[in-house]
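Data first, discussion second: the structure below is written as C-alpha cells.
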Amino acid sequence: MNFQIVVTVFVMITAPPEARLRMQVLTEKHVELYCYLPLEGLLVPLAYNLILILLCAVYGFLTRKLPENYNESWYIFVSVSTTTFLWLVFLPVYFTVYYAYHQAALLAFCLILNATITLCCLYVPKLYALYYIDEDDLFIMTMQSSITQVTPGSEISSVSKPVGSGHHNM
C-alpha cells in the first residue's frame, strides 16, 4: 500500500474534518458552509509532498551534467522549482483569503497551473524532437563514449569519437 495513503488515512482518523458554518462579517447576510480541517490534517500530507518535491529537486540538480541524450533532469528541475514556488506563494494566500469559495478557486487555479507547467516541461521537448528534428541529423550517445548515427531504413552504424570532444548539433 502507498505510504501517503496510510499517512492520510491515519491523519483523517485522528483529526477528522467537520462541516462548519462561518459568517465573516456579522452585518452581512452571508453564511458559508465549509469543511474545517485541523491544521495537522493539512500539514502532514503536505509535508510528505514537500519532502518528495525537495528530493526531486536535489536529484534534478545533481544529475544536470549527464550527457545530452539522457539529460531530462533540467526539465525536471524546472518543473520542481516552479511547483515549489507555486506552493510557497499559494499557502499564505490560501490561509488569508476571505471567503471559502475564493479558497476553492485559488486551489483549482494553482493545481491547473502546476499541472500545465509540469506537462509542458516534461513533454514539450519530446514533441519538439518528434516534429522538428530531422532523422538524418539524429545522434544517439552510447555509454561507450561513441556516437551512434541513426538513419532511416538502415542499420545502426557506430562512429567513434574521443571522450570530451565537444558538443554535437541536434
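Every number here is computed from the coordinates shown, using simple stated rules; none is lab data. What you see is a predicted model; the values in this text were computed from it and never measured. Please note: Cβ atoms are built from the backbone with ideal geometry, for glycine as well, and neighbour counts cover all protein chains shown.
Based on a Kirkwood Rh over C-alpha pairs, give the Stokes-Einstein translational diffusion coefficient of segment 57-100 at 20 °C and viscosity 1.002 mPa s in µm²/s. Estimated diffusion coefficient is 178 µm²/s. For segment 3-132, with the dipole built from +1 on Lys and Arg beta-carbon atoms and -1 on Asp and Glu ones, taken about the Cα centre, which of V44, P67, M12 lies farthest toward the positive end? Projecting each Cα onto the dipole axis, the largest value belongs to P67. Rounded to the nearest 20 debye, the dipole magnitude of segment 7-127 is 140 debye, with +1 charges on Lys and Arg beta carbons, -1 on Asp and Glu beta carbons, and the Cα centre as origin.
With a ≥ b ≥ c the root eigenvalues of the C-alpha gyration tensor of segment 1-102, is it rounded (a/c under 1.5), prolate (a/b larger than b/c) or oblate?
Cα axes put segment 1-102 in the oblate bin.
Of the trypsin sites (Lys or Arg not before Pro) found in segment 1-103, those that fall in a DSSP loop while having at most 13 other beta-carbon atoms within 10 Å are K29, R64, K65.
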